[in-house]
Every structure is written in structure tokens, then in C-alpha cells.
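> Quick one: the structure is below, questions incoming.
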Amino acid sequence: MTTTGAWAVRVPPGYRVGGWTVTAGIATGSWGSVYDARWTGPEPPPGPDRVALKVLPTGTVTPRQVNHLRDMASREVRAHRLGPHPRLIRCFEVRTIDDPDHPDLDGATVLVLERADRSLADLLRSGPAPAPDAGRLVEEICAGLAHMHAHGWVHGDLKPGNVLLMADGSVRLADFGLTAELEGTHGYLPPIASPDYVPPERWTERLGEHGLAIRPTADVWALGVTAYMLFTGRHPFPGAGSRARALAAAGHAGELGFPDAVPPGWRTLIRDCLAPTHAARSRHDTGSLLVRIRELRRGTPVRRPRGRVGLLAGSVVAVVAAVTVAVPLIRDARRAGDAAARPLSTATPAATATAEYRPDLLRTGVGIPAQYRELIVTAGTTCDAPGLSPALVAAMLKVESDFDPDLSDPARDEYGIARWTPRVLAHYLPRPQPDPPAPPFPPALSIPAVGRFLCYLSPRIAGVPGDPALLLAAAYRTSSSTVVAAGGVPSTLRAHVDRVGEYHERYRPGR
């Protein structure tokens, strides 16, 4: 979360949530805002008399966004049930606002949380490197992660902004909206991420019916990035922006530069956390890392995991794997006309997206603009979801915008050829954005994102009777929960979906 920018949800001072009275804003993110509050109820409070209220709204968002907010709120609530731990922010109660007179707040989920003094991001911005007591801070962050991993959870969004510092300087991990419960070796998350803190394999992970696979080694990578920043004051990978740094991280082969002031033992530990592949990092779980960190702080000999010969041989594999990871990133940037490597507001359509396609991929000569065919085929073959095809994507674009890349509908907060809402599009780009992008949205970014979103929606409407292609079109226009609740295409969308069906038939190959 940030302390500046537009607030995701505005709660006026003096507003009451149960026995709590809001006094001032603390920070906001793309999906929720945090407010300072004091207890003014007649009974004793369930915790201290001053807390932080995290508000996740539902009243003013689109049906597409409601699903994301409900999912994130559910993840956060479940994660807080892990049980108390001194390195996890405490949640004293969860409330739902019932206030029809304030539709912006009605239905919002409110988490009543322990009140922190500031975030690690604030600390990094405020002073020189290394951060005061950097070793202790890394130890406490790792202790929180080790507790989560031992109980079968991955944090999923570890970064300085989500590491809070209490008045006594101790650490609390916070913001559990992207936590994932492990199912064997991995869990699943929606395609949402903070690009500066996700490992290289995240960008090549295939979006499946449950989302993107995530493993504890993703938290280990984020721990390494955070530790590097605490000791050096800068990100470990060069670049003017998060996209450039992500490309640099994907191409690195395990070699990192450190200032002379960083002790050798810490350099080794951070390198292990930032090993380029999941396999290499899996040798260093947070439990063993915590032991090593405590030994480093005590000045005792550090017991590094065995397997140095294997690691030396594996370094060649790591180089090859890093290059393999980098190639899809570069390829995706080229497909988007390098748009993904530039600010979204200046991106341009792909110059190469003009190829004619075989009749078995997408029918030609029926009015589909040639410059979009490659992008449409890419979107329509993103996954094996029932009903998903290039013909469906083309039909949806035709009905949504008549293939107009400059469509602008501020009243509905929808823009571009696919009528994307900025806060939803942010999570379906090749490199998910921490904040909503600003329109206009070029087709090179908008169209492939349609495929990713449909892959996300498909398992959520499984079992609903009807044509799976048309059900996807309906879910895209409203939400999966709306389609499920209606038991098919909602009556309010019948005309829209019928038009999609007509063009779907026209665009199908071999017709």
C-alpha cells in the first residue's frame, strides 16, 4: 500500500464501524484502504483501543472487480486464522459494513488490525543504507515466513510495503490478500503480483484453471530482494522501471554485485535466496535460512546446506534456465510491439500482428481486421478452457467495440478494443501491475489479456448449463458469479450474447 494517490475507498473521519470510530487515513492500495480508528464503544474493545481498519469495498466496483475483492478478502481472513505469531500482524475481528445510505461502503469487508508505526518501505525511503539493524529485520521477516510455510501457506506478496514496523521497531508481516494455501508442493493465486518481487519463473508460469501456481520459493526470492535492499538501499537488478528490472532478473545467472560493506556471509545467503530457478532455491527453505540468519547475527560459523558440487554443476543449468526464462519475456515484449517494455500510455500496437492464418485457426475474409488476427489467435489459444477459441475472442471484440482500439467509455470505466476496466486489466497483463494502468490500452496489450481472463473465468462457471463459449462471453461482460447465480446467461445480457453467438458462427473456421 502507498501513502499517496487516489484512495480505493474513502471513509470520512468520524464514521463508525461497530465500536470503532475512524480518525484519519493511513494508506491505500489499488483494492483497499487502511484507516486509523479508536474504540468508542460502550464495552471493552476486542484489542487495543487504537487500531488500523483495512477496508475492502464492493459497493462501487464493477461485477468483474467484485469477484477479485471477495477472493482477496477471503484469502486475508483465512490467513489470519493461522493463529497468533509475533511476526504476523494481528487481526482482532472482521466486520461487514451494512449501510445502504452509503453505497460506496455498503457491503465492504473491514479487518480490524494491529496498528503499526510505519512500513519497511517508509524506512528504506527515509535513510541511508544499510538500514539500521538490517540483520535483525531480515531475521524477523524470515521468522514470519517460516511460520506461514510450516502451516502450509505462502505469503505471495512479500515486499517492503507489506512489512510493517511497530513502535518498538519489531516486524509484522501484513497484507494477506494474495496468500495461498499449499496443496502438496504448491498453491494457486490469481495473476496479480508486484513485479519487483516475483521470481523469474512467474512470468513463464502457465495460467491454469485454478490460477498461477506458486511455491514457498517465491517467498524466498522476495525475501532475498528485500534483504538486498535493506543492506544496500537499492533493488538487486538494474532498470529504470519494474518491467526493466523484471527482464534483468529473468536474465541473471546467480551473480550479484554487492557493496564492500555487505558482510560475506550475508552475500552468500542473499545469493541463495536469489538463485535464478525454483529448483535451486528449493534447497534453501525458510526454516534453514532462519537458522543461518541467526548464526550470522551471532557470528558463529554458518552451516550452509550440503551439495556444493551439485550446485557448481547446476550453475551451468542455471545459466541456461535463466536464458530460457528471458526468451519468452523478450518474445512477449516483441509480440506487443515492445509495448510491454514502455509506459502503457505510450505503447503502440504490434507492427508484426498482420499474418494471415490457416482456415483451421480463424476464418479470414469475414471482416476481422488483419492487424489483430495474430493477437486474437494468441488470446483464443491461451488455455484449453471449454468454449475458448480465436473465433470467440474475435466475436467478443466485434460486439464489445466493433474492433475500435480507441473506444473510451468513462461512464462505465471501460476503454479500448476489449472494453477493459483499468483495475481488472492490471492483473491480466504479461507482467501484472501493482497499480491500475492508464488508458488508452493498445490492442497488443488488451487482446491477449482477454484470453488470460477467460482462462481465469472458465473453471468458475464449470457446470453451468449452456454453450460454454457464450457463457464465457457473458461472464466477461458481467462476472462469473452473476452467470452462476442466473444458472446461465442472465436475461439482461441475452441480446448482447446472442450477437456474440452470431459473429462466433461467422468467424469459426471451416464454416
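Please treat every number below as a calculation from the coordinates, not as lab data. None of these values were measured; they are calculated from a predicted model. Cβ placement follows ideal geometry from the backbone for every residue including glycine, while neighbour counts extend to all protein chains displayed.
> Could you give the distance between the Cα centres of the stretch 230-253 and the stretch 401-472, to the whole Å?
29
> Relative contact order of the stretch 228-293, please, whole-number percent, based on alpha carbon pairs below 8 angstrom and at least 6 residues apart.
Over the stretch 228-293, the number comes to 24 percent.
> Over the Cα atoms of the stretch 80-205, what Rg and Dmax result, in angstrom?
16.5, 50
> How large is the convex hull of the C-alpha atoms of the stretch 344-507 per residue, in Å³?
On the way: hull volume 18.1 nm³, N = 164.
About 110 Å³ per residue, rounded to a whole number.
> Sticking with this one: Starting from the eigenvalues of the Cα gyration tensor, five times each then square-rooted, give me the equivalent ellipsoid semi-axes of the stretch 90-140, largest first, whole Å.
On the way: eigenvalues 272, 39, 8 Å².
After scaling each eigenvalue by five and taking roots: 37, 14, 6 Å.
> Let me ask another. For Lys159, Lys54, what's the fewest-to-most ordering of other Cβ within 10 Å of each Cβ? Can you show the working numbers first?
Values: Lys159 21, Lys54 27.
The most exposed by this proxy come first: Lys159, Lys54.
> Using only alpha carbons, build the gyration tensor for the stretch 422-482 and give me the equivalent ellipsoid semi-axes, biggest first, whole Å.
Those come to 24, 11, 10 Å.
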